[in-house]
Amino acid sequence: MPSDHIIGLGFPIAELSTYEFVWKFIKSLPLSEGTEIFMVDTLAGFSGGIVGPVRDC
């Protein structure tokens, strides 16, 4: 059954990654099957490179 919750994450990108406190927060989120997540990050040219590492958390 699909969840009626959506999580939005917004954070800065720094040197092709993000800050340690952001990683700690993302990794502290509980697993929840069916909850959709969207992500907004900031960096001029290469911000999409963080999608894979975040997905693997």
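What follows draws every value from the coordinates through simple rules; no lab data is involved. Remember, predicted model here, so these are calculated numbers, not experimental data. Neighbour counts are summed over all protein chains in view; Cβ atoms, including those assigned to glycine, are modelled from backbone coordinates with ideal geometry.
See the values below:
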quantity: Least to most buried among THR42, THR35, THR18 (fewest other Cβ within 10 Å first); calculated: THR42, THR35, THR18
quantity: Rough spin-label spacing in nm, given labels placed 7 Å along Cα→Cβ, for PHE25 and THR42; calculated: 1.2
quantity: Contour minus Cα-Cα distance for THR35 and VAL54 (0.36 nm per residue); calculated: 5.3 nm
quantity: Cα-Cα separations in the stretch 6-55 greater than 16 Å, expressed as whole percent; calculated: 38
